[in-house]
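Worksheet for the structure shown next.
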């Protein structure tokens, strides 16, 4: 009787690995363990060895259970698809702040960026090319041109945000730069946040792999304070809209929750259609 080993990486959970409340589990491990639990009935003869930090499941099985392995694989893929299709309950009507251009005492944490290495946010997304889930993890702090940046990692993709104001600078895949802006002026929030605040941005976006360069102008405005319900919970947020300054076309709407230190919902316009993201889980240090 021979033994086989198999790994499954379906990219991104909510239950702690092994059922114990270990803060050392990554969010990707939590999501992977949730899928394992859902498909446990299909896993007869298949033993879970470990779940790696990026959400890969390593299992051991005998040659007698190859057919069972196929059923389990199918179940795991379906479970991953369901994680990307989670929807929230109907969202109540927005609660709009009545006092404009004043700091909101109910959201005092919106005074500045507060990310820490180890912070993680799990999102589901829908777009014309498909749907799914992903996890953003703050993995380190790195200097670019003598300026300190947070580095967010998801899979082999890394995104660099300037520590001082969370402005986007660079995006890489497998270490290769695929997107970069100069000056580093694109930011979805501008601290301190308060209803009525707006900021304008002008920058050049370069995509070396695609050999494309574009001059971009954006204007963002904090429209309102709004309580938003997403799979991760209900949060008081600032609703922020960003327009193309040249034609006033709506580019994106984001809901930033100081409690989460990040966006809990995003709706944006892509060349291929609309994109929707919302928070399904998070862990903060």
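When 184, 109 are checked against the criterion of being at pLDDT below 95, surrounded by 15 or more Cβ atoms within 10 Å (Cβ to Cβ) and over 18 Å from the mean Cα position of the chain (by Cα), a single residue qualifies: 184.
Is one or more of the residues making up region 222-240 at pLDDT 95 or above and touching a helix residue (DSSP H, G or I) at 6+ places or on another chain (Cβ under 9 Å)? For region 222-240, residues at pLDDT 95 or above and touching a helix residue (DSSP H, G or I) at 6+ places or on another chain (Cβ under 9 Å): present.
Being under 29 Å from residue 111 (Cβ atoms), assigned by TED's automatic domain parsing to the domain that holds residue 241 and in contact with a strand residue (DSSP E or B) (Cβ under 9 Å, 6 or more places away or on another chain) holds for only one residue in 165, 185, 215, and it is 185.
When region 257-285 is limited to residues that are more than 22 Å from residue 121 (Cβ to Cβ) and not in a strand (DSSP E or B), the one that is modelled with the lowest pLDDT turns out to be 271.
The values are calculated or read from the model by the stated rules, or taken from the named source; none is laboratory data. Remember, predicted model here, so these are calculated numbers, not experimental data. Neighbour counts are summed over all protein chains in view; Cβ atoms, including those assigned to glycine, are modelled from backbone coordinates with ideal geometry.
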